[in-house]
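Each reported figure results from applying straightforward, stated rules to the coordinates on display, with no laboratory input. Worth saying up front: this structure is predicted, and the values here are computed from it rather than measured. Cβ: placed from backbone, ideal geometry, glycine included. Neighbour counts: every protein chain shown.
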Amino acid sequence: SPLRILVFGAALRAESANARLASLVARLVSDTGATVDLAAMRDFDMPLYDGDVETAEGLPNGALALRDRLEQSDAFVISSPEYNGSIPGLLKNAIDWVSRVQPQPFKTKHAMLVSASPSLVGGNRGLWALRVPLEHLGTRVYPDMFSLPNAYQAFAEDGTLADPGLQQRLTETVSAFLSLVEADVRYVCLERR
Ligand code: FNR
C-alpha cells in the first residue's frame, strides 16, 4: 500500500507562507504516489498545557485529533515559522500535549522539517530548535532540512517556487526523505513477518 504522509503547516494565519509551503510539499509527496494528509494548526484547537486541566479533563480534543493523524501516517512533514530564532510557542504547546499520550506517537516516526520566512535565513534557526523536542521524543528527524527565504515573493502563481534551483532542491529533498521512509517501512514489515 502507498505511504501515508502527514504534512502539517504549523502557523494559524490564513495567509501563512508555511501553509503555502506545506501545500507545495503535499503536492510533491502526492506526485510520488504517496497518500497525503494535509493539516494545519487550526485543525487542532487546544489550550495552553496545564497539568491540572490534564488531570481533570484528560487530553483536549485537538491534541487527540493530532495524535490520531500522526498514528495514521507513516511519517510527517512540518512546515514551521521561526519566532525569535526558535520554535513558535503554539507548536511547542501542541508537541507537549501530544507527548502526554501513551504510546507516545512521535516515537520512531520519521519527520522532515521545512520552514518559510520573509527573512534571508528562511527560518532555519527555528528548525534547529524544533529538532530538540522531536528528537527528545524519539522522532527520526531527517538530517536535511529545507528553509525558504524571501517567502512572500518566492511563490509562482501555480504554487511552485519561482526559483527553479530552489524548486529542484525541495523536490529532491522530499523524494530522498520518502525513499528513506519507504525503505524503513518495508524493512519493518519484513521484520514483523
Ligand atoms: C517573527 N518572524 C521571524 N522571522 C524570522 O525569520 N526569524 C525570526 O526570528 C522571526 N521572529 C518572529 C517573531 C514573531 C513573534 C513573529 C510574529 C514573527 C517573522 C515570520 O517569519 C513571519 O511572520 C512569517 O510570515 C511567519 O510565518 P507564516 O505565518 O507566514 O507561516
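Table for the structure above
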quantity: Ascending count of other beta-carbon atoms within 10 Å, so fewest first, for 31, 37; calculated: 31, 37
quantity: Cβ-based charge dipole, the chain, positive-most Cα from 53, 41, 66; calculated: 66
quantity: Ranking of 92, 109 by count of other Cβ atoms within 10 Å, fewest first; calculated: 92, 109
quantity: Ratio Rg/Rh, restricted to the stretch 4-192 and using Cα atoms, in which Rh is the Kirkwood radius; calculated: 0.96
quantity: Net lengthening on full extension, residue 188/residue 55 (0.36 nm per residue, minus Cα-Cα); calculated: 44.3 nm
quantity: Separation between Cα centres of the stretch 54-73 and the stretch 1-52, rounded to whole Å; calculated: 16 Å
quantity: Dipole magnitude of the chain, debye to nearest 20 (Cβ charges: Lys/Arg +1, Asp/Glu -1, about Cα centre); calculated: 360 debye
quantity: Residues whose placed amide H lies under 5 Å from that of residue 162, excluding near-sequence neighbours; calculated: 155, 156
quantity: Dipole of the chain [Lys/Arg +1, Asp/Glu -1 at C-beta], most positive-end residue of 133, 14, 160; calculated: 133
quantity: FRET efficiency, residue 150 to residue 32 (Cβ-Cβ, R0 25 Å, nearest 0.05); calculated: 0.40
quantity: Residue-averaged 222 nm ellipticity for the chain, from DSSP H runs of 4+ at -39500 (n - 2.57), nearest 500; calculated: -14000 deg cm²/dmol
quantity: Table column - 3J(HN,Hα) (Hz), the stretch 34-43, Karplus curve with 6.51, -1.76, 1.60, x for Gly and Pro; calculated: 6, 8, 10, 10, 8, 10, 9, 3, 5, 6
quantity: Among 17-26, 178-187, 123-132, the order from most to least packed when residues are scored by Cβ within 10 Å on average; calculated: 17-26, 123-132, 178-187
quantity: Other-chain or far-sequence residues with amide H under 5 Å of residue 110's (modelled H); calculated: 76, 140
quantity: Fully extended contour minus Cα-Cα distance, from residue 162 to residue 42, at 0.36 nm per residue; calculated: 40.5 nm
quantity: Built amide H within the under 5 Å cut-off of residue 9, gap 5+; calculated: 39, 40, 41, 79
